[in-house]
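A.B. asks: This is the structure, below, for whatever I ask next.
Each reported figure results from applying straightforward, stated rules to the coordinates on display, with no laboratory input. Fair warning: this is a prediction, and the values are worked out from it, not measured in the lab. A quick note on method: Cβ atoms are made from the backbone with ideal geometry, for glycine too, and the neighbour counts reach across all protein chains shown.
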Amino acid sequence: MKKLIFKTFILLSIIFLNSCNSINNCDEIHELMKEQEKSWNMGNIDNFMEKYWDNDSLIFIGKSGINYGWKKTISNYKKSYRNKNEMGELKFKNIICNPLNDSTHIITGKWSLTRNDSIGNINGYYTLLWIKKLNGWKIIYDHTS
């Protein structure tokens, strides 16, 4: 009986610790996305893109379809948002943080760009796959609509 109670205690402790780690990871990713907002709102696409995986296998799905690679993604951002006025003010609202394991999380949420009246505001939704790499958390898949 004591062995069963001990094994149950160990199992529940492992589950609790993994749950806490996932919550901490969600908080860490949320902070990284706040940094992205700040970079974007300062007009700095290069800093914004630091959170993306700098690799040809990065996948970005947006209004123009599926694009592969970090270079293509940053190029598309710079073509679509040529200046601070066009970039506006970015706001993320994370709705769901779904940990698949300790190093892989899916974030689903809403984005909005507030811009001056002549350009107009835009908004949509995103699903991001964040993976913990050796150099920190990186977005390896972005589906933004």
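Residue-by-condition table, conditions (1) surrounded by 13 or more Cβ atoms within 10 Å (Cβ to Cβ); (2) closer than 18 Å to Ile122 by Cα:
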| residue | (1), (2) |
| --- | --- |
| Glu28 | yes, no |
| Leu32 | yes, no |
| Ile59 | yes, no |
| Ile66 | no, no |
| Asn76 | yes, yes |
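A.B. asks: Among the residues of the stretch 108-145, which ones are in contact (Cβ under 8 Å) with a residue 40 or more places away in the chain and under 16 Å from Gly62 (Cβ atoms)?
C.D. replies: Ile139, Ile140, Tyr141, Asp142, His143, Thr144, Ser145
A.B. asks: Check Thr104, Thr144 and return the single one that is surrounded by 13 or more Cβ atoms within 10 Å (Cβ to Cβ), closer than 22 Å to Met42 by Cα and β-branched (Val, Ile, Thr).
C.D. replies: Thr144
A.B. asks: Contact list please: Cβ distance under 9 Å, first residue in the stretch 47-58 and in a loop (DSSP other than H, G, I, E, B), second residue among the polar types (S, T, N, Q), pairs at least six apart or on different chains.
C.D. replies: Matching pairs, first to second residue: Leu58/Asn67; Leu58/Thr73.
A.B. asks: Right, here's the next one. From the list Glu37, Glu28, which residue is closer than 18 Å to Ile140 by Cβ, under 12 Å from the mean Cα position of the chain (by Cα) and assigned to a helix (DSSP H, G or I)?
C.D. replies: None of the other options fit; the residue is Glu28.
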